[in-house]
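**Student:** One structure coming up, written as structure tokens, with questions to follow.
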Amino acid sequence: MNTQVGDLKRIPFILPSETSENIVATLASNNVNIKKELNTFRIFETNFAKNPLLISLEGLLKDRILSHLSFENRKYTEILINETIINEKIFDLYELNAEDINQVKTKTGQSVGGLPVVEEAKRSFFNEIPIDHDVLRDTIMNLDVICFDDQHYEVINAELNSLFQNNNNLEEFCIRHQVNPINVWYWFKESNILPQGRAHDISMEFIADVCRTILMDDEDGIIPLVGLPNEPKLLDRLEHHCLQNGFTSAQFMQLDGLLGHPLNEFIEHHFFKNFSDHLNLFMYLPKTPFIWHLSSGEHHGFEAYIIIYKWNISASLITTTT
């Protein structure tokens, strides 16, 4: 409301060359597409498609998660390098001198995608980039090479397990350690470390997705935790669903270790709270789980999970009475 025509006229704007504009537009579009692709693996995203545990039906569940996290790190690394290239293009377009660039970097932070890389990490990451990504491949090839001393490497390697904890994403991790994300991607892949927090979240989202499917297939969307005549309990239905969709019994049992609790205990005592907290993306807004745990009280005379997508007047009367 307070912006005037004169304010807009004072904003410095230089019309870029067609080549520069195309490069920046392509890199920005690539980053948007990468984010969309990564969002297909998160249950709270509108374009969610498949949980990482279902990308492959071979091997241990732990290995599936490690493979996905390595893929995710590689994609985020590509985003960070693309952002670095865009920044450099803007610096060139506005002909900023070294002092101006230093002021910008001091204010906004160093673009970690332009930091030096370890030779073997550089070579390995370069081989992962499609041949038609010329600008990205050229940028990677022109990155300076660095050798870390053992002490510095050990400090970073010891913290790899914290990479996915809280808000410690790849970019923040790289900024804190002033290290190129290519190095982190490579070290994480080679370390074979499974971050327990992220393994828990992926497994919990898998359970939520399966429970949603089972509840939606149920006639009234209400499934008891203790079996009733002609109505198997939730855990039995969950196991049956997994076995029918490519899991072996051994793989199903591996969920206990990833969740940190036996599956029956997790569903009864931890899932609802953990999942509600997980969906609380905005701290000042109410939690909005779509699966609810209903209980008759401390004696657990009635325990059931319901799904709000099948909520109707009949379900309301049943749960209100309960």
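**Student:** Please report the spacing between the Cα centers of region 224-280 and region 89-152 in Å, no decimals.
**Tutor:** Each part's Cα centre sits 45 Å from the other's.
**Student:** Under a Cβ-Cβ cut-off of 12 Å, what is the net charge of the residues other than S203 that fall near it, where Lys and Arg count +1 and Asp and Glu count -1?
**Tutor:** -1
**Student:** Sorting check: for 254-261, 186-193, 80-87, 30-37, which peptide has the highest mean count of neighbouring beta carbons within 10 Å, and how do the rest follow? Walk me through the numbers on the way to the answer.
**Tutor:** Working: 254-261: 18.6, 186-193: 17.0, 80-87: 20.4, 30-37: 13.9.
Ranked by mean Cβ neighbours within 10 Å, highest first: 80-87, 254-261, 186-193, 30-37.
**Student:** In the set (1) 1.59; (2) 0.96; (3) 1.25, which value of Cα Rg over 2.2 N^0.38 Å was calculated from the structure you see?
**Tutor:** (3)
**Student:** I've got another one for you. So how tilted is helix 196-217 from the main axis of the chain? Cα-based, degrees 0 to 90, rounded to 10.
**Tutor:** 50
**Student:** Take N245 and N280, extend 7 Å from each Cα along the Cα→Cβ direction, and tell me the distance between the two endpoints in nm.
**Tutor:** According to this spin-label approximation, the distance is 2.8 nm.
**Student:** Can you show me the helix-derived [θ] at 222 nm for the chain, built from DSSP H runs with n ≥ 4 at -39,500 (n - 2.57) apiece and divided by the number of residues, rounded to the nearest 500.
**Tutor:** So the calculated ellipticity at 222 nm is -16500 deg cm²/dmol.
**Student:** Just need the relative contact order of the chain here, percent rounded to a whole number, with Cα pairs under 8 Å and 6+ apart.
**Tutor:** 16
**Student:** Let me ask another. Hey, which aspartates and glutamates would be in cross-link range of K310, C-alpha to C-alpha under 17 Å, not counting anything within fewer than 8 residues on its own chain?
**Tutor:** D209, D217, D218, E219, D220
**Student:** Measure nothing fancy, just the Cα-based angle from helix 234-244's long axis to the longest principal axis of the chain, in degrees from 0 to 90, nearest 10.
**Tutor:** Tilt relative to the chain: about 60 degrees.
**Student:** In addition: Summing +1 for each Lys or Arg and -1 for each Asp or Glu, what net charge is found among the other residues whose Cβ lies under 14 Å from the Cβ of D92?
**Tutor:** Once positives and negatives cancel, what remains is -3.
**Student:** Order of 169-180, 103-114, 268-279 by packing, highest average Cβ count within 10 Å first?
**Tutor:** 169-180, 268-279, 103-114
**Student:** Further, regarding this structure: Pop the C-beta distance of N312 and D256 into the FRET formula with R0 = 35 Å and round what comes out to the nearest 0.05.
**Tutor:** Efficiency, rounded to the nearest 0.05: 0.50.
**Student:** Give me the net charge for the shell around D256: Cβ to Cβ below 14 angstrom, other residues only, Lys and Arg +1, Asp and Glu -1.
**Tutor:** So the environment of D256 carries a net charge of -2.
**Student:** Hey, another quick one. For K36, go through the aspartates and glutamates and keep the ones whose alpha-carbon is under 13 Å away, minus same-chain ones fewer than eight residues off.
**Tutor:** Within the straight-line cut-off, K36 pairs with E45, E72.
**Student:** List the GluC sites (Glu not before Pro) in region 107-159 that DSSP assigns to loop (not H, G, I, E or B) and whose Cβ has at most 15 other Cβ atoms within 10 Å. Which are they?
**Tutor:** Here the GluC sites (Glu not before Pro) that fit, given the DSSP loop and packing criteria, are E128, E159.
**Student:** Taking the 0 to 90 degree range and rounding to the nearest ten, how far is the long axis of helix 18-39 tilted relative to the main principal axis of the chain, both from C-alpha atoms?
**Tutor:** 20
**Student:** Oh, and also: If each of A49 and N22 carries a label point 7 Å out from its Cα toward its Cβ, how far apart are those two points in nm?
**Tutor:** About 2.8 nm separates the two model spin labels.
Each value in this text was obtained by applying a stated rule to the coordinates, not by laboratory testing. Keep in mind that what you see is a predicted model, and the values were worked out from it rather than measured. Here the Cβ is made from the backbone with ideal geometry for all residues, glycine too, and neighbour counts use every protein chain on show.
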